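**Q** Here it is, the structure, as structure tokens.
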Amino acid sequence: MNILVIGSGGREHALAWKLAQSPKAGKVYVAPGNGGTARDSRLDNVAITDVKALADFAQDNKITLTVVGPEAPLAAGVVDEFRSRGLRIFGPTKAAAQLESSKAFAKDFMKRHHIPTAFYETFTDAAAAHAYVDHHGAPIVIKADGLAAGKGVVVAMSLQEAHEAIDWMLLDNKLGVQHNAGGARIVIEEFLQGEEASFIVLADGKNVLALATSQDHKRLLDADAGPNTGGMGAYSPAPVVTPNVHAKAMQDIILPTLAGMAKDGIPFTGFLYAGLMIDAQGNPKTLEFNCRMGDPETQPIMMRLKSDLIDVFMHATDGTLDQVELQWDRRFALGVVMAAGGYPLDPKKGDVITGLPVEAEDAVVFHAGTTMVDGKVLTSGGRVLCVTALGESAKLAQHRAYEYLRGIQFDGMQFRTDIGWRAIKPR
């Protein structure tokens, strides 16, 4: 059967790579894809991003199944368009995708359905926001209300940082995030202490299937220093998600979210990603929802998945996820992101990448911000590659990933040298 994966990042490369391994896979198209998907003989890039044009392509090329990777097409209603034409697609509708596309929608939803999260207020008026921060003090969290490509959250450790973030997001609207009557809006919420984890499930509107647990590294520099990014690396499984934490996350967060969405008349289908903060007592609270898989979490998760991914998505789009049991490689998987010079604020583009290693049984380089020009792979985005490897332990997976990336070169490249440190330290 012919498959279409929508998106151009590392997440989409990993999904397409896994889908192409299925004996049921015919042509696997990636729209628009990247330099890595262009290099893979099992994949075909398609230079389309427009929602209606994607649906036309799916009809014209007899696509059996479409999987949506990133958040922007979901927020633009790609699932609604495909379904209106009777096309099989995995992802949430535009209305359901508000769980990610609007922080205010998500927080109000959690409050209404008693899902554990940080207390918060929503602001469009900068003066009121500044007064709120002065009253509550720091540390405090400022979030742009809308899609900001992983850069719309400032964890302000001082009042000065908080006030600067408010001006940056509300007055200057540097992120270009628009809501309501075209103005910017922010959510200010309490700072939660603990350890973060990514809890990702598949949902078919009524049934839910949890993926392997994972954890990513948000900060640019070693020891979790420097600015927030879209993620500088990830690993699976996440030791912080104990069986007890897993049960609480399902019982207190995931299942009430699906029930709440159904009750509100917006049944949720697709990937549901709850960013969790887990306190010292093992109690999870919801930091945010995403309506797609994480990037870079997808890369190590796909490395560990042994089940046929086409089968999984067919069940998910048939509403029969309760009939699926996922099989996992017992090994640890770890991915190291190699980012462009100047990332996250002003990433360089157009640099030649050399020394890319051949795919191995236990190691793969997934591409994100790359493009192919005249047979050369060039940088085209902030997070360029995710070098992902398997190992019998977190330490061995870490060692293999860094060994595997050693020959890769491009001007200004940045990567952390400590991905996985939380999983390796004694607990």
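The values are calculated or read from the model by the stated rules, or taken from the named source; none is laboratory data. Just so you know, these numbers come straight off a predicted model, no measurement behind them. Positions of Cβ are backbone-derived with ideal geometry, glycine not excepted, and every protein chain shown enters the neighbour counts. Ligands, DNA and RNA are excluded from the accessible area calculation, which covers all protein heavy atoms including side chains. Shrake-Rupley method; radii C 1.70, N 1.55, O 1.52, S 1.80 Å.
**Q** Which one of the conditions (1) more than 22 Å from the chain's Cα centre (by Cα); (2) open to solvent by less than 10 Å² (accessible area, probe 1.4 Å) does Phe313 fail to meet, given that it meets all the rest?
**A** It fails just one condition, (1).
**Q** Does Thr370 count as polar (S, T, N, Q), open to solvent by less than 10 Å² (accessible area, probe 1.4 Å), under 21 Å from the mean Cα position of the chain (by Cα) and closer than 18 Å to Thr298 by Cβ?
**A** Numbers: polar (S, T, N, Q): yes; open to solvent by less than 10 Å² (accessible area, probe 1.4 Å): yes; under 21 Å from the mean Cα position of the chain (by Cα): yes; closer than 18 Å to Thr298 by Cβ: yes.
Here the answer is yes, as Thr370 does meet what is asked.
**Q** I would also like to ask the following. Please enumerate the residues belonging to the stretch 382-409 that are touching a residue at least 60 places away in the same chain (Cβ under 8 Å), assigned to a loop (DSSP other than H, G, I, E, B) and out of contact with any helix residue (DSSP H, G or I) (no Cβ under 9 Å at 6 or more places or on another chain).
**A** Matches in the stretch 382-409: Gly382, Glu392, Leu405, Ile408.
**Q** Restricting to the stretch 151-175, give me the number of residues that are modelled with pLDDT under 80 and open to solvent by 50 Å² or more (accessible area, probe 1.4 Å).
**A** 3
**Q** Next up: Counting only residues that are open to solvent by 50 Å² or more (accessible area, probe 1.4 Å) and either assigned to a loop (DSSP other than H, G, I, E, B) or within 16 Å of Val364 (Cα to Cα) (or both), how many does the stretch 410-427 have?
**A** Filtering the stretch 410-427 for residues open to solvent by 50 Å² or more (accessible area, probe 1.4 Å) gives 411, 413, 415, 417, 421-422, 424-427.
The next check asks that each one be either assigned to a loop (DSSP other than H, G, I, E, B) or within 16 Å of Val364 (Cα to Cα) (or both); those that pass are 411, 413, 415, 417, 425-427.
Residues flagged as open to solvent by 50 Å² or more (accessible area, probe 1.4 Å) and either assigned to a loop (DSSP other than H, G, I, E, B) or within 16 Å of Val364 (Cα to Cα) (or both) within the stretch 410-427 amount to 7.
**Q** Could you go through the stretch 124-136 and let me know if any residue there is open to solvent by 60 Å² or more (accessible area, probe 1.4 Å), part of a loop (DSSP other than H, G, I, E, B) and out of contact with any Lys or Arg (no Cβ under 7 Å at 6 or more places or on another chain).
**A** yes
**Q** Have a look at Leu276, Leu334, Leu326, Leu272 and point out the one that is hydrophobic (A, V, I, L, M, F, W, C) and surrounded by fewer than 23 Cβ atoms within 10 Å (Cβ to Cβ).
**A** Residue meeting the stated conditions: Leu326.
Conditions tested, residue by residue: (1) within 19 Å of the chain's Cα centre (by Cα); (2) in contact (Cβ under 8 Å) with a residue 40 or more places away in the chain.
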site: Gln251; (1), (2): no, no
site: Thr257; (1), (2): yes, yes
site: Met261; (1), (2): no, yes
site: Gln323; (1), (2): no, no
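**Q** Continuing with the same structure: With the condition kept exactly as written, say whether any residue in the stretch 324-336 is touching a Leu at 6+ places or on another chain (Cβ under 6 Å), part of a loop (DSSP other than H, G, I, E, B) and farther than 28 Å from Arg416 by Cβ.
**A** Yes, the stretch 324-336 contains a residue that is touching a Leu at 6+ places or on another chain (Cβ under 6 Å), part of a loop (DSSP other than H, G, I, E, B) and farther than 28 Å from Arg416 by Cβ.
**Q** Additional query: Determine which member of the set Val28, Val5, Val51 is open to solvent by 10 Å² or more (accessible area, probe 1.4 Å) and either under 20 Å from the mean Cα position of the chain (by Cα) or hydrophobic (A, V, I, L, M, F, W, C) (or both). Please lay out each step first, then the result.
**A** Working: Val28 fails: open to solvent by 10 Å² or more (accessible area, probe 1.4 Å); Val5 fails: open to solvent by 10 Å² or more (accessible area, probe 1.4 Å).
Going through Val28, Val5, Val51 in turn, the sole match is Val51.
**Q** Output the number of residues of the stretch 295-310 satisfying the condition of being exposed (fewer than 15 other Cβ atoms within 10 Å of the Cβ) and not polar (S, T, N, Q).
**A** First pass over the stretch 295-310, keeping only residues exposed (fewer than 15 other Cβ atoms within 10 Å of the Cβ): 306-307.
So of that shortlist, the ones also not polar (S, T, N, Q) come out as 306.
Total satisfying the criteria: 1.
**Q** Is at least one residue of the stretch 81-96 on the phi > 0 side of the Ramachandran plot, crowded, with 17+ Cβ neighbours inside 10 Å and at pLDDT 95 or above? So that I can check it myself, show each step before the final result.
**A** Within the stretch 81-96, the subset on the phi > 0 side of the Ramachandran plot is 86, 91.
Retained after the next criterion (residues that are crowded, with 17+ Cβ neighbours inside 10 Å): 91.
Filter once more, keeping what is at pLDDT 95 or above: 91.
Looking through the stretch 81-96, at least one residue is on the phi > 0 side of the Ramachandran plot, crowded, with 17+ Cβ neighbours inside 10 Å and at pLDDT 95 or above.
**Q** Taking helices (runs of 4 or more DSSP H) that do not extend beyond the stretch 1-110, which have at least 1 residues that are closer than 16 Å to Leu309 by Cβ? Even if it seems obvious, please write down each step before you answer.
**A** Values: elements: 10-20, 35-39, 51-60, 71-75, 78-84, 98-101.
Hits in the stretch 1-110: 10-20, 35-39.
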